[in-house]
Structure formats: C-alpha cells, structure tokens
1. Tell me whether the stretch 112-129 contains one or more residues that are under 19 Å from residue 239 (Cβ atoms) and modelled with pLDDT of 95 or more.
2. Return yes or no: is residue 138 buried (at least 22 other Cβ atoms within 10 Å of the Cβ) and touching a strand residue (DSSP E or B) at 6+ places or on another chain (Cβ under 8 Å)?
3. Those residues that are without any contact (Cβ under 8 Å) to a residue 60 or more places away in the chain and in a loop (DSSP other than H, G, I, E, B), I need them from the stretch 254-267; list them, please.
4. If we keep just the residues of the stretch 43-78 that are in a loop (DSSP other than H, G, I, E, B) and touching a strand residue (DSSP E or B) at 6+ places or on another chain (Cβ under 6 Å), which is farthest from residue 298 (Cα to Cα)?
5. Pick out the one residue from 75, 92, 7, 24 that is within 18 Å of the chain's Cα centre (by Cα) and farther than 27 Å from residue 307 by Cβ.
6. Do we find a residue being without any contact (Cβ under 8 Å) to a residue 24 or more places away in the chain and over 29 Å from residue 319 (Cβ atoms) anywhere in the stretch 146-165?
7. Quick one: would you say residue 270 is more than 18 Å from the chain's Cα centre (by Cα), without any contact (Cβ under 8 Å) to a residue 60 or more places away in the chain and either assigned to a helix (DSSP H, G or I) or buried (at least 18 other Cβ atoms within 10 Å of the Cβ) (or both)?
8. Considering only the stretch 196-215, how many residues are part of a helix (DSSP H, G or I) and touching a residue at least 12 places away in the same chain (Cβ under 8 Å)?
C-alpha cells in the first residue's frame, strides 16, 4: 500500500473530568499553573470546545470516531489520546508508556475492539508500556512526529521522550530515527515534539530556534531533503500552539490543516497563505480552555487512524 502522510479518520475521546493535571504540570511548560475556575466550569467549557472541534471536522468531511471517557477512574487528560496509542497502515497498533501515573489509566482495549467492530484490521499489537517500571517513557505521536511517507521519526528528547525507547520504536516498525534536543526560551526541554514540529505532505511547520544549535541544520536539512517546504515559526508563535497542528484529508481526498484559533491568530498572513497553498483548507477551532489547562492543542486531541479495512480473505479472529 502506498504510504500517505495524512488520513481521513481520527479517534477522539469526549472528556468527562477534564481539568489541569497536577501530575503533568512539572514537565509541561505549556500548561497553566493557575486554576482560575471551578473544575465543573472547566469541564463544561472543555466539552463545548471538544464538540465544536468534532463538528468542524465532520462538516469538512473527516470521519471522527468518538468515544466517551469513563467517569472512574478520573483521567483529566483523556482528551489527548494520541499519547497512548498510534495506528499504522499495515494494521499495527502501538501502546505507549507515559510519565504521569494517572495518564496510564487512559489506555483502553475496548476502544481497539470498537475499531475492529468498525471493520478495521488490527494485525499486530506492540506494547511498550512495560518500560514504565524502568521510568522510561515515550508518549506516542506527542513525543514523536512521524514522516510516514519517508519513514522518519523526528523527536526532541525530554522527560517524556526517552532515547532508548525511540530506538526500540524505530527499529520495530522500520523507521529512521532523527532525535535532537530542543529547549524553550527559559531553558526547559520541549515536552513533546508535536508542539514545535508538524509535518504535512508538502510542508513542515517547525520552530527552528528552539532546536539545539549544533543539531538544527541536521533537522532542517532532513525536512527539506524529503521535499518539505519549511514554515518557520518563532518561539512565541510556538507558545501559542502554532506548531501543534495536523494535516488531514477529507473522505473525498481533499487536503486540510487543523489548528486552533490561538495558533491561527499567532501566524502571519504570509505564513497562513503558505500553509494554505501547501496543505489545503485551514480548519480553525477555538479551544482556549483545553489549551490553557491541558497544555496541548488540536493535534494532541486527534489520534490518526491509518488501519486497513478487513478484507474478505481475512480469516483471522480479531486481535483485540
């Protein structure tokens, strides 16, 4: 099957207890330290923002599989499913080890069974979660940005992204690894690669200035060599989640780019025009509550589904 960078199908988790997660705040500089509203108000606003994004995607022609979070145990970050699971075009599903103990509760095998009931094929399950006992973490397509066409893993190292696990992942699914260091303006490691890098079919949005100086050219050269036009964003634009966007395609095959209102507002007219010319229609979602208290944006909310459909010749019982 010819690889594609973007998919027309995503998984999203409807929140029931969204709030600022105390267990993730120390390693996520994008997450607010101030809780200015009661938890029930934060959850109400986050739910409204979530439903708005679902509607935006569906009206654009993107398939969205939505599951409700469970009230118990409480999982305040369940709205960000791409950190615990990834889905691949050969039928592989990968489960990931996460730093925060309460985030590990987000992993749900029933959701994988639900995808199989939709006629999607899961032929191989790679479980990396045992590395949590060794305090080694790799938080899915938050920790990694995948160039699925050229089979390259881009990843900045952080407490949530361990080099050894990056090597295990890359070797297991036969990707080339390009790991690097990236720090924000205060010297803190960028917690997830997908807040400073987005790779589309023809473009790469990247905050080059936060990449370690001796590694910057290597990253940029790799992106350009593989045919991506660089859309360079500043550290202040990155802080507004301008790097946390995602290229998708509609079920009709048209390309589009999903980003938040804060990201859209932070980008210049020229950057937006370049992004639209290379990535297609811009789908803009206002999600200020989720960004403020969750420390993640629209890309974090979308687990891309590349799984193949079950064919008539598949006689094997469901894997999950």
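1. For the stretch 112-129, residues under 19 Å from residue 239 (Cβ atoms) and modelled with pLDDT of 95 or more: absent.
2. yes
3. Taking the stretch 254-267 as the starting set, the residues that turn out to be without any contact (Cβ under 8 Å) to a residue 60 or more places away in the chain are 257, 259-267.
The one that is without any contact (Cβ under 8 Å) to a residue 60 or more places away in the chain and in a loop (DSSP other than H, G, I, E, B): 267.
4. Among them, the one singled out is 69.
5. Testing whether each residue is within 18 Å of the chain's Cα centre (by Cα) and farther than 27 Å from residue 307 by Cβ leaves just 24.
6. Pass one, the stretch 146-165, residues without any contact (Cβ under 8 Å) to a residue 24 or more places away in the chain: 163.
After this cut, where a residue has to be over 29 Å from residue 319 (Cβ atoms) as well, the list is 163.
For the stretch 146-165, residues without any contact (Cβ under 8 Å) to a residue 24 or more places away in the chain and over 29 Å from residue 319 (Cβ atoms): present.
7. Details: more than 18 Å from the chain's Cα centre (by Cα): yes; without any contact (Cβ under 8 Å) to a residue 60 or more places away in the chain: yes; either assigned to a helix (DSSP H, G or I) or buried (at least 18 other Cβ atoms within 10 Å of the Cβ) (or both): yes.
Yes.
8. Counting residues in the stretch 196-215 that are part of a helix (DSSP H, G or I) and touching a residue at least 12 places away in the same chain (Cβ under 8 Å) gives 4.
The values are calculated or read from the model by the stated rules, or taken from the named source; none is laboratory data. Note that the structure is a prediction, hence the values are computed from the model and not measured. All Cβ positions, glycine included, derive from the backbone under ideal geometry; neighbour counts span all protein chains shown.
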